[in-house]
Amino acid sequence: MRYGGDNRGRLLIIVLVVTTLFLITLDLRGVQVISGLRTGTQTALTPVQRAGSWVVSPFRNFLSDVTHLGRTRNQIEKLKSENDKLRLTLQNRKVADAQLTQLKSVLNLAGTAGYKVVNAKVISQGSSTSFTQTITIDAGTSSGIHTNMTVLSGYGLVGVVKYAYTSSALVQLASDPAFRIGARVAGTQQIGILSGQGTRKGVLQLLDNTTTIHKGDALLARGSDNGRPFVPGVPIGEVTGVDNSPGSVTQTADVKFYSNFSTLGVVAVVVSGASADPRDSLVPAKPRPTPIPTVTVYATPGAVAPSPTATK
Amino acid sequence: MSLRSFLLSSPIFLGVFLFQEGFVTQLRLPAGGINLLLVVALIWSALSTPEIGALTGFGAGIAMDLSQTSPGPLGHWTLVLIAACYTIAFLGYGDDNIRGNPINIVLLTTIGVVASQIVYLILGLMLGQQIGSLGNIFFLLAGSAFWTAIISPLILKVISYLHSSIFGTRTRL
């Protein structure tokens, strides 16, 4: 028999829906108890996430290897030739090396600008089920991290600290659809607002329609009052396309972020900005083509021996 | 009796919540991954009465709202899951064509996951949230449907066993 519903069932549904609407209202009005619930949950979850990060690490590496099968094929062949013990050691070392490389590059960036940073490991990546882009790091208020602090990787901007807990913090990535940052174009100093789009690409909206922007232009953070939420001069990304529609009110451009948000291992939180604006000093250098040495051999009929000439 | 049985099921959902937050989110699965708590709640509801379905949605929704990755206010996911779980339980209640067939439950759960996310998105828009590009939304919805269709058959037997242990053997697959 199909369910027809009764008064008790209807009453239950009404009670549940009213309770939910009550909770939404309380949360939107900023009641402390509700935010305390979330903070308490996160504090309780942090040890579980740390343990999970340690346990899941080999599986995550495996998934990463599958995703980048072409690039790691040679490495896999090399690993096959070694015994199990060496293979395990190498895998553990690989994780540490990758984090060390990321740490070195992020410290280089922060050192060049003169930022005071706190380094942190990424212990969790937020589920995309809620259409947000976040990560959780293993440092919080006990390490001097607070909300609205800039987060960097070795390549540039990663995001901003959204919530800081005792020993962890939630970082809103620059790719999050709700993310907005004031940006300026390196060199020309044109300003605009960059917004995340849920992917590694963002959209820049210039404030002045008379200015021009070109493909390949580098974008830097304009900075905020007292360096929060954004310190000035942080590299954000590169312009990959410009929309020059004649009817548009403002000019827009597609931007590819320098940071790859799916491979973040170690990040740095800027706890104190530089004493002076680093201006354009953090713009990443353009890649230079490496000269390939070639050898040309001229064969002369009748000659005793050909002489090779090296050219670059 | 039903309420007592429902309370007995709360440790199961707490365990799933801890597993989701501590382990599943670490795997960084492609295409947005899966929300195990959402899938388990919908399967659980498909095997339950509408009242238990609504209560399950309420409990699972509160847990999902307490997740650090939930951008909306507390109650956002709860409201969506009360409706989704009640609807799924209502559709399946008394209809052995749905409840007795694992394929139908998997199909119902997959549609339920996608529908829940769409409703969540619409509700989020009404509450002033940013949702990003349409392409990304379609990609994530397709990813959710894919992972749900993969994972649901694998966990259906276990959930069915646990459900029948708590609520009796009539709904066991």
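Read-outs throughout are calculated quantities, based only on the coordinates presented, and are distinct from any laboratory measurement. Keep in mind that this is a model prediction, so the values were computed, not measured. So basically every Cβ, Gly included, is an ideal-geometry build from the backbone, and we count neighbours across all protein chains shown.
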Practice prompt. Quantify how strongly other chains surround peptide B:33-40 by giving the mean number of their Cβ atoms within 10 Å of each of its Cβ atoms.
Written response: 2
Discussion item. Test of understanding: given chain B, find the longest segment containing no trypsin sites (Lys or Arg not before Pro) that are in a DSSP loop and have at most 16 other Cβ atoms within 10 Å.
Written reply: B:1-169
Item to complete: Could you please rank B:Val16, A:Val15, placing first whichever residue has the fewest other Cβ atoms within 10 Å of its Cβ?
Response: A:Val15, B:Val16
Fill in: Cross-link reach list, lysines versus A:Lys85, counting only Cα pairs under 23 Å and skipping chain neighbours closer than eight places
A:Lys94
Discussion item. Rounded, prolate or oblate, given the Cα gyration tensor of the stretch B:31-112, with a/c below 1.5 counting as rounded?
Written reply: oblate
Worksheet item: Residues with beta-carbon under 12 Å from that of A:Gly182, excluding A:Gly182: net charge, scoring Lys, Arg +1 and Asp, Glu -1?
Response: +2
Item to complete: Please determine, in degrees from 0 to 90 and to the nearest 10, the orientation of helix B:36-46 with respect to the longest principal axis defined by the Cα atoms of chain B, where the helix direction is its Cα long axis.
Response: 40
Worksheet entry | Added length on full extension, which subtracts the Cα-Cα distance from 0.36 nm per residue, A:Thr263 to A:Lys116 | 50.6 nm
Worksheet item: Could you give the nm distance between label points at B:Val114 and A:His214, where each point is 7 Å from its Cα heading toward the beta carbon?
Response: 4.6
Worksheet item: How much net charge surrounds A:Gly140 when only other residues with a Cβ under 15 Å from its Cβ are counted (Lys, Arg +1; Asp, Glu -1)?
Response: +3
Worksheet item: Taking only Cα atoms, what is the 0 to 90° angle, nearest 10, from helix B:102-126's long axis to the longest principal axis of chain B?
Response: 40
Fill in: Pairwise label distance in nanometres, A:Val297 with A:Lys94, each label 7 Å out on the Cα-Cβ vector
4.0
Practice prompt. Sort B:His76, A:His214, A:His146 so that the residue with the fewest other Cβ atoms within 10 Å of its own Cβ comes first and the one with the most comes last.
Written response: A:His214, A:His146, B:His76
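For the protein assembly as shown, rounded, prolate or oblate, judged on the Cα gyration tensor with a ≥ b ≥ c (square roots of eigenvalues), a/c < 1.5 rounded, else prolate if a/b > b/c?
Prolate, because a/c is 1.5 or more and a/b exceeds b/c.
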Item to complete: Starting from the Cα of A:Arg180, step 7 Å along the direction of its Cβ; do the same at B:Asn101; then give the gap between the two resulting points in nm.
Response: 5.0
